[in-house]
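Worksheet: one structure, shown below.
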Amino acid sequence: MLHEPGCIRTALRAAGCKQHHGCRREFTNIAAAKKNAERNALSINFVEQDVFQFLRAAERAEAEYDLIILDPPSFTKGKGGLHDALRGYRELHVRAFKLLSKDGLLATFSCSHHVSEAAFGQTIADALVDARRSARKIRRFDQALDHPVLPTLPETEYFKGFLLEMLPGR
């Protein structure tokens, strides 16, 4: 799982990553992320900016990434916000897909309980079509054991994620 100590560092180095960028909206989140980066011996350039603005600017600059990790906060706290949450996930993924190299990787996560795994997967598939890209799902991620799923409380099963590899074509 990507949140295990040293796992991100190992994955980034194994992939040959030379530059690392992180985007967070709040300064307090950046401070915590910088501490985690230091603990993992990573040099990451953090930007305090809305991720949608960051991705739009990267697209205008014709940036290209070999690995993008999307791990946003919950996009909705209730059923009433589901439509907007799915629209947000779709835009986020369209922009990320447009920035990935031809054989790039996307690790993407959702911690929104009201967004089912099926809806999240369909939103990703729709974003691939919108971005005119193709990908294959390499791995599915579940929440760690320290976040138990209780069968009688469906809201405890909130975390879902996928690792996608871009495919040639389109």
Residue-span extension gain [H21 to S134] - 0.36 nm each, minus C-alpha spacing: 38.3 nm
The range 43-136 - Debye-derived log10 I(q)/I(0), Cα point model, q = 0.18, 0.25 Å⁻¹: -0.83, -1.42
Charge tally in the Cβ shell below 14 Å around R56, where Lys, Arg are +1 and Asp, Glu are -1, R56 excluded: -1
Relative contact order computed over the range 90-170 (Cα-Cα under 8 Å; 6+ residues apart), in percent: 45
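Given an 8 Å cut-off on Cα distances and at least 6 residues of separation, report the relative contact order of the range 33-136 as a percent.
31
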Summed residue charge, Cβ within 9 Å of R25's Cβ, Lys/Arg positive, Asp/Glu negative: -2
Alpha carbon centroid spacing (whole Å) that separates the range 59-77 from the range 33-51: 15
Loop sites in the range 51-102: trypsin sites (Lys or Arg not before Pro), DSSP, at most 13 other Cβ within 10 Å: K77
For the chain, built as a Gaussian network whose Cα springs stay under 10 Å, the top-fluctuating residue of F97, F75, F46: F46
Cα-based Kirkwood hydrodynamic radius, the chain, one decimal, Å: 16.9
Largest to smallest principal axis extent of the C-alpha atoms in the range 71-114, angstrom: 37, 15, 11
Pair E91, T152: separation of 7 Å Cα→Cβ label points (nm): 4.1
Within straight-line cross-link reach of K160, lysines at Cα separation under 19 Å, skipping those fewer than 8 residues along the same chain: K77, K79, K137
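No lab work stands behind these numbers, since they all come straight from the coordinates. Being a predicted model, the structure only gives us computed values, none of them experimental. FYI the Cβ positions are ideal-geometry reconstructions off the backbone, even for glycines, and counts take in every protein chain you see.
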